[in-house]
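The values are calculated or read from the model by the stated rules, or taken from the named source; none is laboratory data. Just so it is clear, the model here is predicted, and its values are computed rather than measured. Glycine also receives a Cβ, built like all others from the backbone with ideal geometry; neighbour counts cover every protein chain displayed.
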Amino acid sequence: MSYLFSDLEIHIRMMLVLALCFIFIYEAINGFHDTANSVVPVIYTCALRSHNAVIMSGIFNFLGVILGGVSVTYTIIHLIPTYFFMNTSANHILIMIFSILFAAILWNLGTWYFGLPTSSSHTLIGALIGIGFANSFITNYPINQELNITQLINIFLSLLISPIIGLILARTIMLLLFRYRKNNTYQEIHITPSEQELLRGRKQPSLWIRIILIISAAGVSFSHGANDGQKGIGLIMLLLVGVAPDNFMLNMYSNTEDIINTRNAVNNFQEYYTQYYNDYKNIIPSEIISMPQSIALHQLTVIDPSIQDLIHTFIHNHENHSSNYNCEISQLYSSEQIKKFFHDFSLNFIIIHNTLSLLENLNSYEQLTSSQRFRMRQLLIYIADILDQITKYPDIPHSNKKFLKNIKTHLLNTVEYAPTWIIITVAISLSLGTTIGWKRVAITIGEKIGKKKMTYAQGLSAQLTTAISIGIASYIGMPVSTTHVLSSSITGSMLIRGWGVQIKIIKNIIMTWTLTVPATIILSSIFYLSILKLLHKYI
């Protein structure tokens, strides 16, 4: 593995190793910060002893990372426009990653110390946004050029909606379970372990309840690993693609079959796009519209170097429309003019044609030069962008949409990836982290949210809700907060007759949730700007 970094300067290699260590520390903190999410119900319902529950949580968190895929990973990565970390120096990328990590680790440790169940997802998203704001301040580019606003809105919606779904779903499950309360067979599920001890001389629930509680707890741990583990993988891939792009911008371990599948996907898309050209001729890769002019000019020449003079003349003729050279292309002239430019010169067809040319007779990405790898990555991402826009057309048949999504899977198979060593090391970091420090947050979630102690039914409904919700989110590639979903699920299970919640604790939790994103935005911005100012002579 070390040969992958052999072409880097010694100080870059040292800082890269240090950054990787910090990411593993971040994942370990994520592990013990969020372990309470997985083990609280199963411990407080006495279905498992705490030691066994934590070990089980560590094992299933590990499996979740290993088997969870990388869909959430690239949702995080795509928050930052591709051109940013592909056109930024290794030193700046390292400073960016360190700033994100310092902010995230500081906030996570602080809230853990006070036993507050905060979201590592919110922490990471906030830190990334902070970098975007800081870069916007430095470059005078609009914030929508430093961050993928559409992706950011989708992430915030998932983070906002998931706790609400958790609360409603957990309460619904509780109400369904209450329908069977009068039946003696099911009455036991609605008592607490203390009440069980008074009635039967033991705190443990009956076997069938215990099995369901343990399985659902394992499901929460697996889902947590599948979702949160991918965020650490995303940070590492951001780091490696930015610092050592030659070896990581494409999956250099792709075999001939993988490359053939990619080529077939491009061919299939070419046939589809040609067939429906009149319907989609005005589509343009969305990233190009929002790029600063200087970067956009470079990106257009990536599409086809032979049209460099033509593009330069076209942009030069419109420069007098704005005094700010760094403004968006769409501010120089309307997006319709840009689309017309793409249409007149058939740039979408050129994107497809040049991609196929690079893939022709290709058996390994090792055969490509550094600049060709860069072009390959960009062209594949542009095709995927065009494809995404087509699938959002309201009148597109379901069969066509399914066909295009299948094409996209093969199209990005060698771009959206993570090396096995990264997945395994993140899995180990997260799972080891789950075995320590879990009690602080567990006490808040298990004892302080509700006015009464947790019943078996409440533990079961909260765990089932969390496992299902996080599992679905991981499958569709959306980063959500396990902490928020479980806390809101427990709250929902308490909002029934005879129970209730402790308003003071709920207020403290909500306040912490509300402050997490703004606080980490400020922290990462301060760290980033301070480090840049301190080291400006050396970068």
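Miscellaneous remarks
- Subset of segment 251-280 (residues that are hydrophobic (A, V, I, L, M, F, W, C), touching a residue at least 12 places away in the same chain (Cβ under 8 Å) and closer than 13 Å to Leu411 by Cβ): Ile259, Ala265, Val266, Phe269
- Screening Leu167, Leu175 for residues that are in contact with a Gly (Cβ under 7 Å, 6 or more places away or on another chain) and over 30 Å from Glu9 (Cα atoms) leaves exactly one candidate, Leu167.
A quick yes/no check of all residues on (1) modelled with pLDDT under 90; (2) assigned to a loop (DSSP other than H, G, I, E, B); (3) closer than 28 Å to Asn400 by Cα:
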| site | (1), (2), (3) |
| --- | --- |
| Asn251 | no, yes, no |
| Thr262 | no, no, yes |
| Tyr273 | no, no, yes |
| Asn282 | yes, yes, yes |
| His298 | yes, no, no |
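- Residue in segment 103-117 that is more than 20 Å from the chain's Cα centre (by Cα), of a type in the set (Gly, Ala, Ser) and farther than 27 Å from Met511 by Cβ present: no
- Verdict on Ile93 being modelled with pLDDT of 90 or more and either assigned by TED's automatic domain parsing to the domain that holds Gly229 or over 22 Å from the mean Cα position of the chain (by Cα) (or both): yes
- Residue in segment 42-53 that is under 18 Å from Lys231 (Cα atoms) and either hydroxyl-bearing (Ser, Thr, Tyr) or within 19 Å of the chain's Cα centre (by Cα) (or both) present: no
- Checking each residue of segment 172-187 against the condition of being among the charged types (D, E, K, R), assigned by TED's automatic domain parsing to the domain that holds Pro81 and either in contact with a strand residue (DSSP E or B) (Cβ under 9 Å, 6 or more places away or on another chain) or in a helix (DSSP H, G or I) (or both) gives no match.
- Each residue in segment 197-233 was checked for being in a helix (DSSP H, G or I) and free of Cβ contacts under 8 Å to residues at least 24 places away in the same chain, and 8 of them qualify.
- Any chance Ile506 is assigned by TED's automatic domain parsing to the domain that holds Glu195, more than 19 Å from the chain's Cα centre (by Cα) and at pLDDT below 80: yes
- Restricting segment 373-389 to residues that are farther than 15 Å from Ile352 by Cα and not charged (D, E, K, R), the residue that is surrounded by the fewest Cβ atoms within 10 Å (Cβ to Cβ) is Gln389.
- Elements of the type helices (runs of 4 or more DSSP H) sitting completely within segment 43-159 and holding at least 3 residues that are surrounded by 18 or more Cβ atoms within 10 Å (Cβ to Cβ) and of a type in the set (S, T, N, Q): these cover 71-77, 90-113, 120-139.
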